[in-house]
């Protein structure tokens, strides 16, 4: 065998080895990222952000009669728990001066999710102009073929805005393990304004639309104004 033939064989062998190595690395990356994805890192608010979120939730508690702040474990100071064991004081009902707008930052939403044991480290929200995106780690039923018992990564995009004097809600798409799901598999509702499509009939979407004055989603912030 001549020197040129030997060099040619070595070159082919080198290409094969590089291809095998790259294939293995890509396969490992796909398995690690989509089939065995790591949990999301919880958002930890600063003390100032904790106080701001606590103030918002306390306000919602007062106007709604709920106990949201305690249920998700948010308090005005880190390591401090508000005293919710005090007896309720009766007060006359009034809507005078009531705030009908709520606004949360992206960090506040993710911090509240992190306080929820069911979704902590499994759900992450992203806010951008007129778009709410969510990444979710979903366990697969053990009886499901191939992926049974595994945890897969799902990415969802939802258009959310206020146009033509009504809310706009539309599914932008769903990606499963990084692959977009066909619209036909989603029931053909991709990019369809759900409020416009179903808001004329009595039901959830009409009730939702009738109660909203405005919705604004921008980079890292969500604001909703309710009607009287």
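The values are calculated or read from the model by the stated rules, or taken from the named source; none is laboratory data. Bear in mind that the values here come from a model prediction, so they are computed numbers and not experimental data. Because the Cβ atoms are built from the backbone with ideal geometry, glycine has one as well, and the counts that use them run over all protein chains shown.
Exactly one residue out of 160, 168 is assigned to a strand (DSSP E or B) and either modelled with pLDDT under 90 or farther than 26 Å from residue 121 by Cα (or both): that is 168.
Does residue 136 satisfy the criteria of being surrounded by 15 or more Cβ atoms within 10 Å (Cβ to Cβ), touching a strand residue (DSSP E or B) at 6+ places or on another chain (Cβ under 9 Å) and modelled with pLDDT of 75 or more? Yes. For segment 100-130, a residue qualifies if it is over 23 Å from residue 56 (Cα atoms) and either at pLDDT 85 or above or surrounded by 15 or more Cβ atoms within 10 Å (Cβ to Cβ) (or both), and exactly one does: 122.
Okay, residues lined up against (1) crowded, with 17+ Cβ neighbours inside 10 Å; (2) in contact (Cβ under 8 Å) with a residue 24 or more places away in the chain; (3) within 21 Å of residue 129 (Cβ to Cβ); (4) in the same structural domain as residue 106 (by TED's automatic domain parsing):
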{"position": "144", "(1), (2), (3), (4)": "no, no, no, no"}
{"position": "153", "(1), (2), (3), (4)": "yes, yes, no, no"}
{"position": "186", "(1), (2), (3), (4)": "no, no, no, no"}
{"position": "190", "(1), (2), (3), (4)": "yes, no, yes, no"}
{"position": "200", "(1), (2), (3), (4)": "no, no, no, no"}
{"position": "222", "(1), (2), (3), (4)": "yes, yes, yes, no"}
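Residues in segment 172-191 that are on the phi < 0 side of the Ramachandran plot, part of a loop (DSSP other than H, G, I, E, B) and out of contact with any strand residue (DSSP E or B) (no Cβ under 6 Å at 6 or more places or on another chain): 182 only. Taking the conditions exactly as written (surrounded by 15 or more Cβ atoms within 10 Å (Cβ to Cβ) and at pLDDT below 75), does residue 61 satisfy them or not? Here the answer is yes, as residue 61 does meet what is asked.
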